[in-house]
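Peer 1: First the structure, which I've put down as structure tokens, then a few questions once you've had a look.
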Amino acid sequence: MFESNFFLRDRDPESNFEDPQLYYSNQGPEFEEFFATDSRNYLFVEIDDFVPSDEGFILTETEIGEDGEETIDTTLVAPGIRVELPLEFFQDKIFAKEGQQVLASNNNFKEYFRGLYFKVESISEDGSMFIFNPENASISLNYDFQRPEEDSQGNPVLDEDGNQIIETIDESYILEFGGVNLNTYTNEIPQNIISAIENPDIVNGEENLYLRGGEGILTVINIFSGIDEDENGVSDELDSLRIREPLISDASLKFYVDQDKITGGSTEPERIIIYDLKNYTVLADYFLDTTSGNVAVDAITTHLGRLERGSDNLGKYYNIRLTNHVSNLINKDSTNVPLGLLTTHNVLLSGFQYIDSITNPPVGELPRIRKVPRSSVISPEGTVLFGNNTANEEKRLKLQIKFLEPN
């Protein structure tokens, strides 16, 4: 854990400071070089044996009463990293600067004390991963000072000899981590997967679909994307359905897992998410899902079905219902947008994150992808699914629609 002297801007100077400054997870080398060459990046502490745990901490506080009786209070606090930082650093960095301009305003202080840098390295082959939420992180500065004691009217309190009584006051000040923060990490993708995804067949589709969170692999799904003879921008298949005005009772995509290409079992992602790649929003079915009040792993399961597992605990398929989305396409002339498919850690985690457009160029006629669901960024897992062009007819990806047609 280091003091960071890398200044993280709130606003982008290239937009005349109107847009927020964007940082990306692939900027690790840039930060590594800075911290390796700038001597101002003070090393606070090193922890060699930290292992993430969900058990939390039990804090014990002992008090001795006036009668000499000992009272022990225990408190269970949330899991996290709690470490003692060097007193000398903060004495010199903050308390010794009392009255100086660096502490005169929040902006001055942000420029003076720019933040912290956490560098994490695995010391085992298995490694560990946990979610670090900076909104719940802080530095507690505990200090004391002396001042003349006064009574309730502001008069000095004297001792028996008439001398001013000096009292010691214990205080604390909390430095929150509420400013700009980011994570950088390096993911290595196996060469066989790189070869499979570098040149996608956007006309006929693919034999396999690859998904992974984190730095990520995204699959693009186009429904009703067949022949458009009248060149009106809508496929003949969708035009035909719109003319018939069917009442859609169910529409779904069933994604079968290709167990021959993954390590199945507990490492398989429990959830995947589908979203609108043009407008960067979840679909209508997400908002209308009545399971939204459940805990995250069981929430939005009508729309985004959990991984269906066999008796061997291996994943079989994900069933994604698009009933309202498809109904809107057919009966309300909604725009038929491409859909993005990703693994997710928590389907209830809302919002989207920008991705680096330089390292994610457009593919063929597909639009340049600018955002992904925030929940996929913190998902470490990946999977391989059968696509629409697989030779396995039984597990081939299809859009299945059930509907009633008026006479």
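Bear in mind that the values in this text are calculations on the coordinates, not laboratory data. The structure displayed is predicted, hence computed values, not measured ones. We place every Cβ from the backbone using ideal geometry, glycine too, and count neighbours over all the protein chains shown.
Peer 1: Over the chain, with a Gaussian network built from C-alpha contacts below 10 Å, which listed residue (Gly213, Gly80, Gly162) shows the highest mean-square fluctuation?
Peer 2: Gly162
Peer 1: Select from Lys395, Lys332, Lys316 the residue whose mean-square fluctuation is largest in a Gaussian network model of the chain (Cα-Cα springs shorter than 10 Å).
Peer 2: The residue with the greatest mean-square fluctuation here is Lys332.
Peer 1: Let me ask something additional. Could you size up the charge dipole of segment 191-404 around its Cα centre, putting +1 on the beta carbon of Lys and Arg and -1 on that of Asp and Glu, and report it in debye to the nearest 20?
Peer 2: 700 debye
Peer 1: Treat each spin label as a single point 7 Å out from the Cα along the C-beta direction, and report the Arg396 to Ser122 distance in nm.
Peer 2: 3.9 nm
Peer 1: If a/c stays under 1.5 just call it rounded; otherwise compare a/b with b/c (prolate if a/b is bigger, oblate if not). Do that for segment 39-85, with a ≥ b ≥ c from the square roots of the Cα gyration tensor eigenvalues.
Peer 2: It comes out oblate by the Cα gyration axes.
Peer 1: Using the Cα centre of the chain as the reference point, and only Cβ charges (+1 on K/R, -1 on D/E), how large is the resulting charge dipole? Debye, rounded to the nearest 20.
Peer 2: The dipole of the chain has a size of about 2560 debye.
Peer 1: Something else about it: Compute the acute angle (0 to 90°) between the alpha-carbon long axis of helix 28-37 and the principal axis of greatest extent of the alpha-carbon atoms of the chain; round to the nearest 10°.
Peer 2: Taking the Cα atoms of the chain, the angle to 28-37 is about 30 degrees.
Peer 1: Continuing with this model, one more query. For segment 243-248, what does the Karplus curve 6.51 cos²θ - 1.76 cosθ + 1.60, with θ = phi - 60°, yield as ³J(HN,Hα) per residue in whole Hz, taken in order and with x for Gly and Pro?
Peer 2: These are the phi-based 3J(HN,Hα) values: 5, 6, 6, x, 8, 7 Hz.
Peer 1: OK, next. Can you find, among Pro156, Leu307, Phe44, the residue farthest towards the positive end of the dipole of the chain? Put +1 on the C-beta of Lys and Arg, -1 on that of Asp and Glu.
Peer 2: Leu307
Peer 1: Give, as a single signed number, the net charge of other residues whose beta carbon lies under 12 Å from the beta carbon of Leu397, with Lys and Arg counted +1 and Asp and Glu -1.
Peer 2: Net of charged neighbours comes to -1.
Peer 1: Sticking with this one: Round to a whole angstrom and tell me the spacing of the C-alpha centers of segment 239-296 and segment 74-127.
Peer 2: Between the Cα centre of segment 239-296 and that of segment 74-127, the gap is 43 Å.
Peer 1: Sticking with this structure for a sec: Give me, ordered by chain and number, the residues 5 or more places off Leu116 or on other chains with an amide H under 5 Å from its own placed amide H.
Peer 2: Under 5 Å from the amide H of Leu116: Ser4.
Peer 1: On to the next question. Hey, how many Å between the Cα centroid of segment 305-324 and the Cα centroid of segment 1-58?
Peer 2: 38 Å
Peer 1: Let me ask something else. Do any of Lys316/Lys402; Lys261/Lys398; Lys278/Lys398; Lys119/Lys261 go past 31 Å between their Cα atoms, and which?
Peer 2: Lys119/Lys261
Peer 1: For the chain, modelled as a Gaussian network with Cα springs under 10 Å, which listed residue fluctuates most, Glu30, Glu121, Glu308?
Peer 2: Greatest mean-square fluctuation among the candidates belongs to Glu121.
Peer 1: Mean residue ellipticity at 222 nm from the helices of the chain, using -39,500 (n - 2.57) per DSSP H segment of n ≥ 4 over the full residue count, to the nearest 500 deg cm²/dmol?
Peer 2: -3500 deg cm²/dmol
Peer 1: Shifting gears a bit: What net charge is computed for the residues neighbouring Asp298, neighbours being all others with C-beta under 13 Å from the C-beta of Asp298, Lys and Arg scored +1, Asp and Glu -1?
Peer 2: Spelling it out: positives minus negatives among the neighbours equals 0.
Peer 1: Which lysines, on any chain, are close to Lys97 with Cα under 24 Å apart, when same-chain ones fewer than 8 places away are left out?
Peer 2: Lys110
Peer 1: Give me the compactness ratio for the chain, meaning the Cα radius of gyration over 2.2 N^0.38 Å.
Peer 2: Normalised by 2.2 N^0.38 Å, the Cα Rg of the chain equals 1.33.
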